[in-house]
Amino acid sequence: MKVVICPTAEHTTALTARVIERAVRQKPDIVLGLATGRTMEAVYAHLVTAHRQAGLDFERCRTFNLDEYAGIAPSSARSYRTYMDEHLFSRVNIVHSATHVPDGSADDIAAQCAGYEDAIRASGGVGLQLLGLGENGHIGFNEPFSAFTSRTRLVTLDPATRQQNVGMFDDDLTQVPYHAITMGIATILDARRTVMVVNGQAKAEMLARVIEGPMTASISATALQMHADCLIIADEAAAGALSRRAYITHLMQHDPELRALLS
């Protein structure tokens, strides 16, 4: 893992977008793994600006989203497909058929999950996977006790996750689904590069466990310790519980890749 600590959440999202922008410019046909959430809205806003003002070209990109709620149709205002269309896909020049989000309303969920894995493999695999961090340590919807060998599948959501996401459902917990489709941990680890962005004091203790603690199925994000190219971008509040701040600062100053990233 490499860790970058930024002064504010605004800095983290801008830097995350810059990492993605550089990846797209270096490999215009890159396969991007995408995520949702309020933090990602700011990341996508930066990418839209780069497209409109600096010519960032998404025409040859392909994308695969991490997850989707089960029982929610793609056309629903609460679907992650709608979220992606509104915040990114409709605002840049990506080919809509090259964007993929699991279909939570599929009649055969098992077939939907298997087909999603097949489509990722057929694309050549994800080149850069964007991640957030759930308050219970999940990546995607890989809730506690998810196997590190897991693939795209139907999962039961942790009550804490349902509560965390209630804002998307008009603060009505009864409307939040109990199940979701998610890329598995092994699917995520197959990406050639992973980039996790984490903001806020509420995630500080969990981020410290992800970076410095032992790997455990109780915290799916700890699996990222096994990834050969994992970048974590955190704001000062989220990094507040890290015990190795001095070494992280040293790396930010002297690691050639991080120095280039921050220049």
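The values are calculated or read from the model by the stated rules, or taken from the named source; none is laboratory data. Everything numeric in this text was worked out from a predicted model, so none of it was measured. Counting neighbours? That spans all protein chains shown, and the Cβs are built from the backbone with ideal geometry, glycine included. Just the protein is used for accessible areas: all its heavy atoms, side chains included, with ligands, DNA and RNA removed. Shrake-Rupley method; radii C 1.70, N 1.55, O 1.52, S 1.80 Å.
Couplings 3J(HN,Hα) of the range 44-52, computed from phi: 5, 4, 5, 5, 4, 4, 5, 5, 7 Hz, in residue order, whole Hz [Karplus 6.51 cos²θ - 1.76 cosθ + 1.60, θ = phi - 60°; x for Gly and Pro].
With a 1.4 Å probe and all protein chains in place, put H254, H46 in order of accessible area, largest first.
Values: H254 110, H46 80 Å².
Largest accessible area first, the residues go H254, H46.
In this structure, the amide hydrogen of D229, modeled 1.01 Å from its nitrogen in the peptide plane, lies closer than 5 angstrom to those of T194, counting only residues at least 5 positions away or on a different chain. Only protein heavy atoms count here; under a 1.4 Å probe, S97 has an accessible surface of about 100 Å².
Kirkwood Rh, Cα Rg: Rg to Rh for the range 120-251? Mind dumping the intermediate values first?
On the way: Rg = 15.1 Å, Rh = 15.5 Å.
That ratio is 0.98, to two decimals.
Phi angles of the range 16-21 translate, via the Karplus equation with coefficients 6.51, -1.76, 1.60 and θ = phi - 60°, into HN-Hα couplings of 4, 4, 5, 4, 5, 4 Hz per residue; Gly and Pro are given as x. Which residue, T63, T16, T174, tops the fluctuation ranking in a GNM of the chain built on C-alpha contacts under 10 Å? Of T63, T16, T174, the most mobile in the Gaussian network model is T174.
Here's the picture: charge each Lys and Arg Cβ at +1 and each Asp and Glu Cβ at -1 in the range 16-99, and of L56, T82, Y44 the one pushed furthest to the positive end of that dipole is L56. Projecting the Cα atoms of A14, L66, V95 onto the charge dipole of the range 1-97, computed from C-beta unit charges around the Cα centre, puts A14 farthest toward the positive end. Heavy-atom accessible area for E86, with the other protein chains in place and a 1.4 Å probe, reaches approximately 110 Å².
Near V198, the amide H atoms lying under 5 Å from its own belong to I233, A234, D235; only residues 5 or more places off or on other chains count, and H is placed 1.01 Å from N.
Surface calculation, 1.4 Å probe, protein heavy atoms: F89 sits at approximately 10 Å² accessible.
Of P102, P159, P144, which has the largest mean-square fluctuation in a 10 Å C-alpha GNM of the chain? Taking springs between Cα atoms under 10 Å, the residue moving most is P159. Look at (1) 14.5; (2) 13.6; (3) 12.9: the one that is mean projected area of the Cα convex hull in nm² derived from this structure is (3).
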